[in-house]
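Heads up, the thing below is written out as structure tokens.
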């Protein structure tokens, strides 16, 4: 097989050449520089950096808060997607458009705004304060910021899946005496499960790398409220490029693992889809 | 196509026609469930989205309209706005040209390794913005690979405009391409092949046949690319050096003002970016109405 199939259309050489050149210059070579910088370290040095107590503390917060935020988004994202797909109410279209707001809003803006709302005297923070709940400058605030910025990913993954739930199956189940909860567990949940997991993974992937919104609300105390991207920035500010690169490679590996998982989940979803159609 | 799903797609789906009129569904119980779902949804959005956005304007106008407007007269704020516009004016067109070239190569031709190429184009979406900034520091920073050479020739990349542009280009890299690739694949090659067979040149075919058919998708990708380019914080923060009046973009300037407890100033700049986000959503909704995304 040759490299490409013949075509009457012109411009393959030009566009393909430009695409690969630009991709290499802007994305691939810089990423290779990161991996090489980490590879130039001695193995023991690399391990010492990426397993230092401060680094481990930052992974715990970054991955823990991201997983929690993704879970919150899957639960509320399901409720939101269900509401948007199944119910008609005034302002439904506006709500549907608003879902994408975290995507369009710069992270620095959501960071300072969220901090102000949930600070001690903020609109919501003042009601949480007497209950002994501190959000701003704690891990709760980190989770909240990550929930905000990763919210659209879960909702948008679930919406098309919920549209596909076969309503006649639900009706049949009800006719046969199934209650709501039973038909939810046996009909709706299995149908949307691949999308639910994809939504979780996408939200998690977005949350792990987030920097802008978190640093305002986090307090940024080492071991307590310091996320991994911030630790990388601190290394860079001290001109410790190798340390920063080592942590960067850990996060890069995490990104690739997540991409791989999404790939598997989508293949699984497609397979189930094909089987269901037969 | 792993990363193909990394950005939320505008579902904006219409309600199934039969939602209201299903036998046995108009019970008291289903009404309770219905309002519970709507109530929880609205409360969640109110706390997480509406309250922060309202806070931006409330804080910006906390000391009156006059103070709000005067805060834009600050030369550093003006410099930040100018830098943000210049940056976007360079990055967005470059990424648009890239997006068009990538979409033409990928959608119009069959070649080996195509899916790998698509995955690589989507890669920046999966990478932390901090890493996007860091790779350029490793290359062009003072202690980076080309640091000594750049110093010798008196060229600054890091802590200067070129670094900001490179970092912004990295994070907004896939936005136009990933909008155009599926669109052009869906449209097929028939009309272009007809034009070429009838004697039109390559450029003429592109401008007269392809471009009119992809214009809404192009606009869609462009506004999303622009919103991200103007709002990017993490990647730019790493390479900028935060020099007031020189290398501060609007999001970075917000951080400085906020940390100086100049809340009116910080939220005033934030209000501009919030309006931009609102505008982006409006254009996005309008483009979706044209139905080009009606999959």
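Just so you know, all these numbers are worked out from the coordinates, no wet-lab data involved. Computed from a prediction, not measured in an experiment: that's the story for all the values here. A quick note on method: Cβ atoms are made from the backbone with ideal geometry, for glycine too, and the neighbour counts reach across all protein chains shown.
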State all residues of region A:201-229 that are more than 11 Å from chain B (Cβ to nearest Cβ) and either surrounded by fewer than 24 Cβ atoms within 10 Å (Cβ to Cβ) or not in a helix (DSSP H, G or I) (or both); if no residue qualifies, say none. A:219, A:220, A:221, A:222, A:223, A:224, A:225, A:226
Going through region B:133-156 in order, the residues found to be more than 7 Å from chain A (Cβ to nearest Cβ) and assigned to a helix (DSSP H, G or I) are B:133, B:140, B:147, B:148, B:149, B:150, B:151, B:152
What number of residues within region B:37-52 satisfy the criterion of being more than 7 Å from chain A (Cβ to nearest Cβ) and crowded, with 16+ Cβ neighbours inside 10 Å? 1
So residue B:89 ticks every box in (1) more than 10 Å from every other protein chain (Cβ to nearest Cβ); (2) in contact (Cβ under 8 Å) with a residue 24 or more places away in the chain; (3) under 29 Å from residue A:16 (Cβ atoms) but one. Which box is left unticked? (2)
So, in region A:83-111, exactly how many residues are at the interface with another protein chain (Cβ under 7 Å from one of its Cβ atoms), crowded, with 23+ Cβ neighbours inside 10 Å and not in a helix (DSSP H, G or I)? 3
Need a quick list: helices (runs of 4 or more DSSP H) entirely within region B:182-295 having at least 1 residues that are more than 10 Å from every other protein chain (Cβ to nearest Cβ) and buried (at least 20 other Cβ atoms within 10 Å of the Cβ). B:211-231, B:234-240, B:263-289
Single residue of B:125, B:120 found to be in contact with a helix residue (DSSP H, G or I) (Cβ under 9 Å, 6 or more places away or on another chain), more than 20 Å from residue A:11 (Cα to Cα), facing another protein chain (nearest Cβ under 7 Å) and in a helix (DSSP H, G or I): B:120
Given the criterion more than 10 Å from every other protein chain (Cβ to nearest Cβ) and buried (at least 18 other Cβ atoms within 10 Å of the Cβ), identify the matching residue among A:191, A:198. A:191
Taking region A:236-246 and keeping residues at the interface with chain B (Cβ under 9 Å from one of its Cβ atoms) and surrounded by 16 or more Cβ atoms within 10 Å (Cβ to Cβ) leaves A:236, A:241, A:244, A:245
Can you confirm whether residue B:142 is over 14 Å from residue B:235 (Cβ atoms) and surrounded by fewer than 16 Cβ atoms within 10 Å (Cβ to Cβ)? yes
Within region A:147-180, track down each residue that is more than 11 Å from chain B (Cβ to nearest Cβ) and either touching a helix residue (DSSP H, G or I) at 6+ places or on another chain (Cβ under 6 Å) or in a helix (DSSP H, G or I) (or both). A:169, A:172, A:173
Filter region A:33-54 down to the residues that are under 24 Å from the mean Cα position of the chain (by Cα) and within 10 Å of chain B (Cβ to nearest Cβ), then identify the one that is surrounded by the most Cβ atoms within 10 Å (Cβ to Cβ). A:34
Step by step: first the residues of region B:157-173, then only those that are within 25 Å of residue A:250 (Cβ to Cβ) and part of a loop (DSSP other than H, G, I, E, B), then the one that is nearest to the other protein chains (Cβ to nearest Cβ). Which residue is that? B:173
